Amino acid sequence: MNPAEDGEREFEGLGAFGRLPALEPLVPFNPFKNGSRDWHAVEVVKTVLLTPLFVVRALLWIVSLALGFLCTKLALIGAKDVLKKPFSAWRRLLLFPVRFFARVLLFACGFHWIHIKGKPAPRDQAPIIVSNHISFVDGVFIFFRHLPVIVTAKENLSLPVAGAIIKAMQVISVNRVNPDSRHHASGEIKRRAMCNDWSHVMIFPEATTTNGKALVSFKAGAFTPGYAVQPMVVRYPHVNVDPSWVGEGPAVYTLLFRLMTQVHNYMEVEYLPIIRPSFAEQKNPRLFAERVRTTMARALNMMVTDHSYEDAALATEAAKRGVDSGASLLEFPKFERLFHLSSKDAKRFFSNFRALNCGRRGIVTYESFVEGLGLPDSTVLRQLFQFFDRQDSGHITFHQYTFGLSFIAKHKYFTEALAAIFKYCDGVENGYLQHDDLQPRIQDVIPSLSDKQYTKLFDRIDVRKAGVVSREEFYSFLEANPEYVVLFLISKPDLISSYKKDERMFIGLNGMRRSNSGKY
């Protein structure tokens, strides 16, 4: 079956839910996986020989960081509204030694010289600088070179030592999962960009780190003000140690150790020409962001993908849970556009997917699917599996699973489906479901369901352990596990249309009663 046919097919039994939209193939690339080579004999010997150098570099790092922290605290003495008002000239002068210590930190990490191409534009010509983001090294270099205003995650302000230094950059803090916080950050970017009393505004529009082999989706914040921007691109040519700080990669301390046990680490920085938005791009910042991203990708000679910060968060979660991070990627902006999927929904779906015994590879076979759901092998279960397995490959990926659940959970008829299923299960129509009353309804949908399997399923629905399930509990279970909605729709394809018909009859009868009562 080709993708076009797959996109047009109407899955048997979905009834009012209609056709599944075409499932776009996922880009077979993981931008959140560190590419460091495995330890080999030569690397081990080199590391052992350079251990004394590591000790010296580590001491230099610690001393420089401590001195930088002290200078920062000195510069902040008596300062008020640090994140709202620009520093005076003398305070910025006090921060100059901190910039020097930032360069020492880079030196201690083996970045003895850094190749720089081009020049940063004057602030009055391009108040905003945007850059790709690969490692913590980027931030240290930017602090040393520019001492700019940066946009950073709110939680970074609470970091020990580094938090004070970040605060001294008079950052714009943002809660990346809060739309109101992001909107406030956009306003702050514009306010600071239009006032020359501030430093350059420095933004990583990817909003996350990558392995430097692709540019992922750009957030629109840097481009919303409609000011000229200067792109800056960073490269880290390497052989053994990839300095990228990403979800599936070494912890920061391990990364520091490996960088400090290399003879020299390479870093290249290039300032590209200023890019000014057109009138159309001022009206639509995403157009401007895409043009800047394309320009940067061309300079870096790399591809662009639709991955995003939300994908990076899923990749990190997958790596923590022992699942290959690439198996958790969605290219989230596509799901956001198509289904209005939230990051919270995606994380919940990933948790459900893991419960289906996806394993290290991040795929679910039919056998794992049946076992994970705790349901018996049956025709209706095979149809449910086929609903997710769009390519008939015999297994389900997280991408396919999320696509199927999003189609159901975000469908305009989802609420009506919940009501129709509850009405079907509530045979006596008393507004709640007893253990024994619900069992024949569920076994009508899954005839081979054993009493033991039913009891386990009922216990999952009955969160209060009261022996009876309310409408709210039943709805909550189906909302958290939309695959059961698909089961009912496959088994009872006329469920929603019958429910609508009954509702229309009920409304009609009520209307007739009111009309008749008005005659007397």
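The values are calculated or read from the model by the stated rules, or taken from the named source; none is laboratory data. Keep in mind it's a predicted model, so treat the numbers as computed, not measured. FYI the Cβ positions are ideal-geometry reconstructions off the backbone, even for glycines, and counts take in every protein chain you see. All accessible areas refer to the heavy atoms of the entire protein, side chains included, with ligands and DNA or RNA removed. Shrake-Rupley method; radii C 1.70, N 1.55, O 1.52, S 1.80 Å.
Accessible area per residue for the stretch 408-485 is 48 Å², calculated with a 1.4 Å probe on protein heavy atoms, without ligands, DNA or RNA. In the chain, the portion of solvent-accessible area held by carbon and sulfur atoms comes to 58 percent [1.4 Å probe, whole percent, DNA, RNA and ligands not counted].
Close amide-amide hydrogen proximity is noted between Ile396 and Val364, Thr365, each under 5 Å apart and 5 or more residues distant or on a separate chain (H modeled in the peptide plane; Pro and chain starts excluded).
Sort the chain into rounded, prolate or oblate with this rule: let a ≥ b ≥ c be the square roots of the eigenvalues of the Cα gyration tensor; rounded if a/c is under 1.5, and if a/c is not under 1.5, prolate when a/b is larger than b/c, oblate otherwise. Since a/c reaches 1.5 and a/b is larger than b/c, the shape of the chain is classed as prolate. Once Lys and Arg get +1 and Asp and Glu get -1 on their Cβ, which of Phe414, Phe387, Leu65 lies farthest toward the positive end of the dipole of the chain? Value: Leu65. Run the paramagnetic zone check for Gln383: 7 angstrom along Cα to Cβ, then residues of the stretch 432-470 with backbone nitrogen under 19 Å. Zone members listed by number: 440-450. For the chain, the residue among Leu272, Gly374, Phe101 whose Cα projects farthest onto the positive side of the dipole built from Cβ charges is Phe101. Applying 0.36 nm per residue to the separation of Ser88 and Trp39 and subtracting their alpha-carbon distance, the gain on full extension is 12.7 nm.
The peptide list 50-62, 284-296, put in order of mean Cβ contacts within 10 Å with the highest first, becomes 284-296, 50-62. For the pair Val263 and Lys119 in one chain, pulling the backbone fully straight at 0.36 nm per residue adds 49.0 nm over the alpha carbon distance. Under 1.5 on a/c is rounded, so check that first for the stretch 329-442, then, if it is not, pick prolate when a/b is larger than b/c and oblate when it is not; a ≥ b ≥ c are the square roots of the alpha carbon gyration tensor eigenvalues. Since a/c reaches 1.5 but b/c is at least a/b, the shape of the stretch 329-442 is classed as oblate. If the segment from His183 to Arg321 were pulled out straight at 0.36 nm per residue, it would be longer than the present Cα-Cα gap by 46.4 nm.
Restricting the stretch 410-503 to GluC sites (Glu not before Pro) that sit in a DSSP loop and have at most 11 other Cβ atoms within 10 Å of their own Cβ leaves Glu429. Computed from the C-beta positions of Leu70 and Glu155 and an R0 of 30 Å, the FRET efficiency is 0.80 to the nearest 0.05. From the Cα gyration tensor of the stretch 137-235, with a ≥ b ≥ c the square roots of its eigenvalues, which class applies: rounded if a/c is under 1.5, or else prolate if a/b is larger than b/c, or else oblate? Here the stretch 137-235 falls in the rounded category.
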